[in-house]
Amino acid sequence: MKNFYVFVLAAVLACFQSQAQTFRKISGKPAAINSTLQQLPAVRSTEVLNSLNDGFESYDDFSLDFAPWTLTDVDGAETWGIEGVEFTNQYAPMSFIIFNPSATDPPMTSAAILPHEGSKFAACFASNGATNNDWLISPPLSAGTNTSVSFWVKSYTAQYGLERYKVAVSTTGTDPADFTYISGSNYLTAPATAWEQKTFDLNAYNGQTIYVGIHCVSDDAFIFMVDDFSFTTTTSSTSTLTGLVTDAFDGTPIPGATVTIAGLSTTTDQDGNYTINNVPAGTLNAAFTSNVTQGAAPLAVNFFDQSSEGSNTVTCAKEGYITYVNNNVIIPQGETLNLNISLTQTLLAGNMRFVLNWGATPEDLDSHLNTPSIEGQPYHIFYSDQGNATSAPYAALDHDVTEGYGPETMTIYQMFDGTYQYYIHNYSEEPAITTSQAVLQIYNQSGLIQTMQIPTVGNGLYWYVCDINGSNGQLTIKNIIQETPPGNFRYELPEKTSGNIAQNSRSITSWNWNFGDGASSTQQNPSHTYTAAGTYTVSLTIGDGTNSDTETKTGYITVTGGSSGNGTLTGLVTDAVNGNPVEGALVSVAGKSATTDANGNYTITNIPAGALVANFSASQTSGTAPLTVVFSDQSTENANTVTCSKSGYITYSNNQVVIPDGGSLELNISLSPELAAGNMRFVLNWGATPEDLDSHLNTPSIEGNIYHIYYSDEGNATAAPYALLDYDITTGFGPETMTIYKMFSGTYQYYIHNYSEEPSITTSQAVVQIYDQTGLLYTLQVPTGGTGLYWYVCDVNGATGNIIIRNVIQQNPPSGSRELWPAKDAAPVVPAERNITSWLWDFGDGGTSTQQNPSHTFNVNGSYTISLTVSTGTAQATEVKAAYIQVGPQGIGENGLSDRITAFPVPAESTMQLDSPELIKTVIVTDLTGKELNHIIVNDRRAVINTSQLNSGTYLLIIETGIGKATKKFNVK
């Protein structure tokens, strides 16, 4: 009987032991390869998935490589095993392993090691002697709309510390360097008590192909467990791109070429074929070319619109070939486009190759090349006389296609003096060549030098593409459709009648050209003559009634000789501190220069007309949503850039100087001497009227007092307020100079008062330049709209030196201290002497305005690029300021209460101290996404923050005081 009880007791104890099964980690050596599951790297499909739900059930137990997942073991260390348990690949270097606890020896049955669902999960074992640096990377995923990813995580045990991990996204590939973390700057931890689901919003990546990476960064813990990965998105109406990639020389298929569009990629098969599904809609894309880009004045230039709507960029690459790039590929929404691509091999010096591809119809387009005289005679190379690569004409039609698509390839192997003419003939006659979707690419030994789309308008069977100068290889682009071929070879071709011209398939309805010399056009393919020497930037803005896009080519047209202009610029250059004349200063405008005489005077004559220049400012550029911003137009017409330099002074630059055509402008310039660290200088110059503009500076509390520095109290450079009105002018022009010699915590306010009252300050042509020890920081034009005597220029954060631009005209000074000088009635606003008649603002969030000085509210956190397009009716200019408005945590401005709370040291290392004039109740530390990292109860005017656990970067402090909340940004070294 006793034996029976002992047996029962042993059974019960064994049962409890099973229920409380725990294991410790143990080091060991991986089994020899003959007893370890041998695995070749899994073959990974390049297929892009619209959804992925993976519980890791379909993979072999204890696999170290399980496609379509990518596993990257960066640390390369052997791993810890489980004491008393054996399983395949235990102790092996690995990133993640398919772990089945029921298949170990003995089976593991503890709840701590069970999967979230099913029988398996992906596990990352602790590296032995190293911190984990292991990646579990998803296959390529197509983000449509409403995109998110979720998965479940758990630590096997907390005995060695919780498992640490980060989550990241890549849009380019699976190399760890390709990834951007979306889980914050700090690692996350996986709980040990139960599985936890983590979900991440991926809408920022909509329309792209992405990879999601789970990065284990545990420090000598044990087992990081991942299960039930789910990627969800709403697929949009997408399109398909398919085609054939061939060798441009002989037309043979090219296997293994990589074709990419909209972040999606695939590789051609053995027959050179490729297919890419789920291609998102393209965009409106402005593009243009011209028949010439340089020459002597007067230079007549024909411009050609090559814009497209709904276009994507396609690239094709293969080792040994020049990469193909086409940024005007249009795939009808929800349909399939066949795009055949020909890759050209690297050419030798003096070679030039023309590669033509087109659509299904017309079936036959032919390449033609007329040569100059070569060894006594000219040649016409085409399908009937294909030339020769090694003897005259040293050019050949390499490959001819007669059933659509191309490639049709023509190569010049040796050039001779004279003009080559290259053109395309529509041998099929119909449909019109303008409907062929033809693309021509021109290569030389350096690679691709020109990609041209066929014009979509014009009558005729011939696309005259370009001329080539045989002596230097220079291209002269023609790009026109015409009735007859260039040259005199028409008799060699069967007589053709003009085909029917199909309707232009684009819905582009407007074209606005800016030729860079003050002239513009609204024609689709305009002609323009440049009469003055110079280098000109040309832009084209297109619209379809809903969207617009701009293509800008900087320095695109170079004109030599010609008229030099007839404007005159004259003025006086003075020292910004003492007003003394500056001798020997170099003043430059429109490529012309003069040096000031002993009295500081200068004169420059024969200045060409300037250009229309778009410019604007904002009342504030950062803050939290909803953020209301008042935008001020500061555009000028007929503007030139004036610079002035002298050794020992900071160079002056003003890109909005308007010199009357055929007239004269007096521009007085003040040069600011170089400043010491911590100094800041404001230099004001203006026109003849109003006669007296005054600089004003309000300071924060300095040694117990707040100061107002202006003409009646000019301050002091060496004692409080450590700021001084250096130089005051009361009879027009300036300079009026204010310098801060030592800054104190808090907000400085700098503004201008129109002491003369009239005419309006908006007509003063005033310019403020702001300098610190590094040089010129800002050049601000007075707004030309607004009512009031006060130009509120900016605030300065005394703790950091950061400048917050205000740049608005208002009725009252920013301080409200109007009693310090005689009260004034607001002067009437005098219309600005400009011919600008229209304004088009794009606020970057879908909002627009046609007002001159609009107000706009940003309701969603983000970074917004602002653009302003102005027009005179004949000329147009656009100014774009990238990421100009910052809304949300990353854009919080530090002013008011925030400025009164000091933080040091900045950047922080291990600790940072806060000092506040108000009682600090609590301090919350967050990252820039707003994620809370630390919460501290203070109840004191001083707080010490531990920053030792923070990675290098920028963070936010949310400080709750007795009078409200303050937010400050700080950096960790």
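The values are calculated or read from the model by the stated rules, or taken from the named source; none is laboratory data. Only a predicted model underlies this, so the values are computations on that prediction, with no experimental measurement involved. Glycine gets a Cβ as well: all are built from the backbone with ideal geometry, and neighbour counts include every protein chain shown.
Observations, loosely collected:
- Those residues of the range 190-209 which are more than 26 Å from residue 952 (Cβ to Cβ), free of Cβ contacts under 8 Å to residues at least 40 places away in the same chain and under 18 Å from the mean Cα position of the chain (by Cα), in sequence order: none
- Scanning the range 771-789 for residues that are surrounded by 18 or more Cβ atoms within 10 Å (Cβ to Cβ) and within 18 Å of residue 575 (Cα to Cα) returns 771, 772.
- Counting only strands (runs of 3 or more DSSP E) wholly contained in the range 552-652, the ones carrying 3 or more residues that are hydroxyl-bearing (Ser, Thr, Tyr) and either at pLDDT 75 or above or out of contact with any Leu (no Cβ under 6 Å at 6 or more places or on another chain) (or both) occupy 567-575, 601-607, 636-645.
- Total residues in the range 151-189 satisfying the condition of being outside any loop (DSSP other than H, G, I, E, B) and touching a residue at least 40 places away in the same chain (Cβ under 8 Å): the figure is 14.
- The residue that is nearest to residue 442 (Cα to Cα), among those in the range 361-393 that are part of a loop (DSSP other than H, G, I, E, B) and of a type in the set (Asp, Glu), is 364.
- Note on the range 282-321: residues that are modelled with pLDDT under 75, more than 17 Å from residue 479 (Cα to Cα) and hydrophobic (A, V, I, L, M, F, W, C) total 2.
- Count of the range 354-370 residues which are in contact (Cβ under 8 Å) with a residue 60 or more places away in the chain and either farther than 18 Å from residue 452 by Cα or surrounded by fewer than 24 Cβ atoms within 10 Å (Cβ to Cβ) (or both): 7
- For residue 112: the one exception among (1) part of a loop (DSSP other than H, G, I, E, B); (2) over 24 Å from residue 172 (Cα atoms): (1)
Residue-wise test of (1) modelled with pLDDT of 85 or more; (2) over 30 Å from residue 571 (Cβ atoms).
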residue	(1), (2)
708	yes, yes
712	no, no
721	yes, yes
726	no, no
731	no, no
739	yes, no
753	yes, no
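- Checked against the criterion of being out of contact with any Gly (no Cβ under 7 Å at 6 or more places or on another chain), among the β-branched types (Val, Ile, Thr) and at pLDDT 95 or above, the range 112-122 has at least one qualifying residue.
- If you check 459, 444 for being farther than 17 Å from residue 410 by Cα and polar (S, T, N, Q), only one passes: 459.
- Among residues of the range 39-68 that are assigned by TED's automatic domain parsing to the domain that holds residue 119 and buried (at least 18 other Cβ atoms within 10 Å of the Cβ), those with a Cβ under 6 angstrom from a residue that is modelled with pLDDT of 90 or more and among the charged types (D, E, K, R), sequence gap 6+ or separate chain, pair up as 55/117; 55/228; 56/120.
- Residue 82 falls short of the stated requirement of being touching an Asp or Glu at 6+ places or on another chain (Cβ under 7 Å), of a type outside the set (Lys, Arg), more than 30 Å from residue 203 (Cβ to Cβ) and surrounded by 18 or more Cβ atoms within 10 Å (Cβ to Cβ).
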